[in-house]
Structures are given as structure tokens and as C-alpha cells.
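*Asks:* A single structure is presented below for examination.
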Amino acid sequence: MAISFADIDGQAANLKKARAVLSILLDTMPSTDINEDYTWLINLAHDTVHDTIEALEAAVDTELKSREKGAKTKS
């Protein structure tokens, strides 16, 4: 599987920006009964973005380790 590291870096950077915006929303949103459902939804989106970033980074690490093993085997 060919991975474009420039594309992955770009996507990871965008996801990290989205996570930062969601964090700011969570930190600044007043705690009221009206906002409770919105806070839950924003928190869910934040967690989903965070998990996606972690999965993306894990996939890159796995690919790099695979390439490294392949390079050592060829040597």
C-alpha cells in the first residue's frame, strides 16, 4: 500500500485544527441545561476526531516499520 506522507500530514494537521476548535468550544461553552446536549455532541465529535488522529498516526507507524523491515531484508 503506497502512502503519500504529504497527504497524511495535511489530513492530520486539519484534524488537529478541528480538534483544537472543538476543545475551545467545550472549554468556553457555558454549563447550562440548554447547552448540555450540545456539549455532549461536541464532546463526541472531539473524541471521534482524536481517535481518528491516533488511528492515522498508528497506520503511518506500521507502514514505516514495514518499510524499515523490508529495507533491512534487502540489505
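The values are calculated or read from the model by the stated rules, or taken from the named source; none is laboratory data. As the structure is a prediction and not an experimental result, all values here were calculated from the model. Quick reminder, even Gly has a Cβ in these numbers, built from the backbone with ideal geometry, and neighbours come from all protein chains shown. All accessible areas refer to the heavy atoms of the entire protein, side chains included, with ligands and DNA or RNA removed. Shrake-Rupley method; radii C 1.70, N 1.55, O 1.52, S 1.80 Å.
*Asks:* How large, in percent, is the carbon and sulfur part of the accessible surface of the chain at a probe radius of 1.4 Å?
*Replies:* That fraction is 59 percent.
*Asks:* Across all directions of projection, what mean area in square nanometres is found for the Cα convex hull of the chain?
*Replies:* 5.8 nm²
*Asks:* Now a separate question. From the residues Y38, A58, T48, which one has its Cα farthest along the dipole of the stretch 36-75 in the positive direction, the dipole being from +1 and -1 charges on Cβ of Lys/Arg and Asp/Glu about the Cα centre?
*Replies:* Sorting the options by dipole projection puts first A58.
*Asks:* Right, here's the next one. Would you pull out the residues with amide H under 5 Å of M29's amide H, same chain only if 5 or more places away, H placed 1.01 Å from N?
*Replies:* none
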